[in-house]
Amino acid sequence: MKLKKPELMPDFTSEVASGFFHSTGLIIGVDEVGRGCLAGPVVAAAAVVPFEAMQSFQFKSNGARPVKPTHPDSFLYQIRDSKLIPESNREPLANQVRAYVSASSVQEASVDEIGTLNILYASHLAMERAVMAVEAHLGRRADIVLVDGNIVPQGLKDRGLAIIKGDQKSITIACASILAKVYRDNLMVRLDLEYPGYGHQKHKGYPTPFHKKQILSLGVTPIHRKGFKGVK
């Protein structure tokens, strides 16, 4: 019998290892959602976790997450890759994340930009926009940007660190992942009203059999990515 791999639980190890885990350091985490979709923009979020909160919050070295309901930031034990969080739990958790982080931003790269740049570079563009919006809000550049994935976007090369499965390792990236996911899911629900019949409210633009069937039946809309297999 094949054993199930244990779920990776994010903590502040990546933040500490970055070398900027101190009161004057600015660590930004960034993640994107929607790269594999057939419809809708690709979305990225950037977030900054307050140093004082990171410093005061403890994770056991073995990864265990004891329930500490009295700790003001105990919700952090629920933070993980947004795809692993039940949909009904994401919105309340996103609200807690927004109240917890010292700064955040959610940005898009449009369907037209995806068609012009390709999906990889469009997702990088959304990441750059999210990070730069946070930097503009705070009035300073990040000391380090923790990027989910294996490639640092060109505009973040001078301060970026790519972390594979970063949303399963870094609390800061995971917070950004949740903000991006909730924003994009809500956007696709609204677009379902504008372009009914495709099921965007349910599948959020991903290539489900139903979605592909409806594209064949109803045709391509302005929010569909025309260069993607399953659309073209």
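Share of antiparallel DSSP beta bridges in the chain, in percent to the nearest 5? For the chain, the DSSP antiparallel bridge percentage is about 60. Restriction of the trypsin sites (Lys or Arg not before Pro) in segment 97-144 to DSSP coil positions whose beta-carbon has at most 10 other beta-carbons within 10 angstrom yields 140. Any idea how far the Cα center of segment 82-146 sits from the one of segment 174-228, in Å? First find each Cα centre; the distance between them is then 19 Å.
Multiplying the residue separation of residue 83 and residue 138 by 0.36 nm and removing their Cα-Cα distance gives an extension gain of 16.9 nm. In order along segment 124-130, the Karplus-derived 3J(HN,Hα) couplings, from 6.51 cos²θ - 1.76 cosθ + 1.60 at θ = phi - 60°, round to 5, 4, 4, 4, 4, 4, 5 Hz, and Gly and Pro are given as x.
In this structure the amide hydrogen of residue 144, modeled in the peptide plane, comes within under 5 Å of the amide hydrogens of 26, 28, none closer than 5 places in sequence on its chain. Stretching residue 186 away from residue 210 to a fully extended chain increases their span by 6.7 nm, per 0.36 nm per residue minus the current alpha-carbon distance.
Between the helical axis of 171-194 and the longest alpha-carbon principal axis of the chain there is an angle of about 20 degrees.
For residue 194 and residue 217, the FRET efficiency from 1/(1 + (r/R0)^6), where r spans their Cβ atoms and R0 equals 25 Å, is about 0.90.
If the segment from residue 75 to residue 228 were pulled out straight at 0.36 nm per residue, it would be longer than the present Cα-Cα gap by 51.3 nm. Each other residue within a Cβ distance under 9 Å of residue 44 adds +1 if Lys or Arg and -1 if Asp or Glu, for a net charge of -3.
Mind checking the angle between helix 209-218 and the chain's longest principal axis? C-alpha axes, 0 to 90 degrees, to the nearest 10. The two axes meet at around 40 degrees.
Bear in mind that the values in this text are calculations on the coordinates, not laboratory data. Every value quoted in this text rests on a predicted model; they were computed, and no experiment measured them. In this analysis, Cβ positions are derived from the backbone assuming ideal geometry, glycine residues included, and neighbour counts consider all displayed protein chains.
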